[in-house]
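Worksheet for the structure shown next.
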Amino acid sequence: MSTVLKVENLSKLYRLGEVGTGTLTHDINRFWHRLRGKDDPYGLVGQTNDRTQKSDSEYVWALKDINFEVKQGEVLGIIGRNGAGKSTLLKIISQITSPSTGSIRAKGRIASLLEVGTGMNPELTARENIYLNGAILGMRKNEIDRKFDEIVDFSGCQLYVDTPIKRFSSGMRVRLGFAVAAFLEPEILIVDEVLAVGDAEFQKKAIGKMKDVSRGEGRTVIFVSHNMTAVMDLCTRALALQNGEISNEGDVENVISSYLNVYRAETFTKNLHTIKKRSGNGKIRFHSIEMLNDQNDVINVSITGQNLKYKIVLELDPNMEYPKVHISMKFTNENDESIFHVSNSVANGEEFKFHKGKQYVEVFCEIYELPLNVGTYYFHLFCSDLNEKFDVLEFAGELVVEAGNFFESGKLPSSKTSPYLVKNKWEMN
């Protein structure tokens, strides 16, 4: 596949508290340096775009050294916290604003839906706005005529096609704006978080249309959203922004997992040996625990349907022999109702035997396709030989679960009615 969008060394500098980048004097000085092939004299002092830190400079880099490529037919998901630079990046790609440094090379027409009503004139009717947007994209009237009925049908505004869009609700404007952007056949379609304004039915239609545009028509989509389920369902590749810089790029699930864990405080006590409230004779004690993903990276938040691995370190008496050790984990909800157990004992027939001379041993528990819906759960740890209890930790830690593409449909049932997820299939003869 050919590259349709290439972003090289892209940076955007803003002056804090100002509209634009500074005074006329600053602009002239900046222009003079650029003519001589020198760096922006004000860009040299710009600080990183970390909104949690107090500023020590007049200038801030909203974006810094951004580099990536998008191939034809790809759907690139861009994720990041508010203020990470996502909207700035999309505005530069859409040529709404210009970069301070770097370049963007795009092949073909770009259609953007960045905010409610983007590209729409509120005084014009829906019909007039469709033709206006088509003209902006360089389409001829007969091309727009051919797509007109599809746009109106998808947007659901047949009754109001000759009504000025200033009379439209925000949801109706998003419907119309998306329909115009998607159906007027741009080579690159850019969609920001605006889909969150629409209802569930429209979101489903919009996701389906973007899939058709990319997979069926070979067009490129850049999709920005805080809805991780939608990103996992739609995107073929993902990119995470942090403080105006790319923090991760690649496989969608890996990028989302890494992103969630960067911005979530540790949700359980890794150092189990510091927990005082415990029972058992102490012949074996839980020392520490970590949660890992498929790449054996330590994570603090899981995703519905993700494979998990718990790494548990046990502290032993090196002078003792342990012929049969049984370890189990119980998961409960916020009401302390049991959800499920995992154990190495009777059911699995994986009893551990520890020999003398070891003070610490590592054991691993793998959970495949985590079947829990979005929410906060708790795990409890038990260690025994089925005759005597060695160590028992009630509420040893939390398991925070974020939305994932468990059913490969981009949808999840309500976590209140379905905390536990079971893969299933329905058919009709």
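With a 1.4 Å probe and every protein chain kept in, tell me what percent of the accessible surface of region 299-429 is carbon plus sulfur. That fraction is 47 percent. Would you kindly give the portion of the calculated P(r) for the chain that falls above 43 Å, as a percent of all Cα pairs? Roughly 30 percent, once rounded to a whole number. Among the trypsin sites (Lys or Arg not before Pro) within region 240-344, those in coil by DSSP and having at most 10 neighbouring Cβ atoms inside 10 Å are 276, 277.
Angle, helix 141-155 long axis vs. longest principal axis of the chain, Cα atoms, 0 to 90°, nearest 10? Approximately 40 degrees, to the nearest 10. Rounded to whole numbers, the Karplus 3J(HN,Hα) couplings from phi for region 286-293 are 6, 9, 7, 8, 9, 9, 10, 9 Hz, using 6.51 cos²θ - 1.76 cosθ + 1.60 with θ = phi - 60°, and x at Gly and Pro. Sparse packing (at most 15 other Cβ atoms within 10 Å of the Cβ) combined with a DSSP loop state is found for the following trypsin sites (Lys or Arg not before Pro) in region 353-429: 356, 358, 416, 423, 425. Entry note, the chain: relative contact order of 14 percent, from Cα contacts under 8 Å with a spacing of 6+ residues. Helix 126-136 and the long axis of the chain differ in direction by around 90°, with both axes built from C-alpha atoms. Accessible surface for the chain, divided over its residues, is 51 Å² per residue with a 1.4 Å probe. Taking the C-alpha atoms only, the angle from helix 170-183 to the longest principal axis of the chain is near 80 degrees.
Whole-percent P(r), region 150-230, all Cα pairs, 10 Å bins from 0: 18, 52, 27, 3. Once the C-beta distance of residue 414 and residue 28 is scaled by a Förster radius of 51 Å, the resulting FRET efficiency is 0.30 to the nearest 0.05. Legend: residue pairs 276/416; 64/211; 353/389; 311/411, Cα-Cα distance threshold 22 Å; pairs beyond threshold, 276/416; 64/211; 311/411. Under the combined filter of DSSP loop state and at most 11 neighbouring Cβ atoms within 10 Å, region 102-173 retains these GluC sites (Glu not before Pro): 123. Working note: Karplus 6.51/-1.76/1.60 with θ = phi - 60° gives region 79-93 the couplings 10, x, 5, 4, x, 6, x, 4, 5, 4, 4, 5, 5, 5, 4 Hz, where Gly and Pro are set to x. Taking the 1.4 Å solvent-accessible surface of region 192-261 as the whole, the part contributed by carbon and sulfur is 43%. Highest mobility in the GNM of the chain, judged by mean-square fluctuation with C-alpha springs under 10 Å and restricted to 361, 174, 255, is found for 361.
The values are calculated or read from the model by the stated rules, or taken from the named source; none is laboratory data. Quantities reported herein were computed from a predicted structural model and do not represent experimental measurements. Backbone-built Cβ (ideal geometry, glycine too); neighbour counts: all protein chains shown. Ligands, DNA and RNA are excluded from the accessible area calculation, which covers all protein heavy atoms including side chains. Shrake-Rupley method; radii C 1.70, N 1.55, O 1.52, S 1.80 Å.
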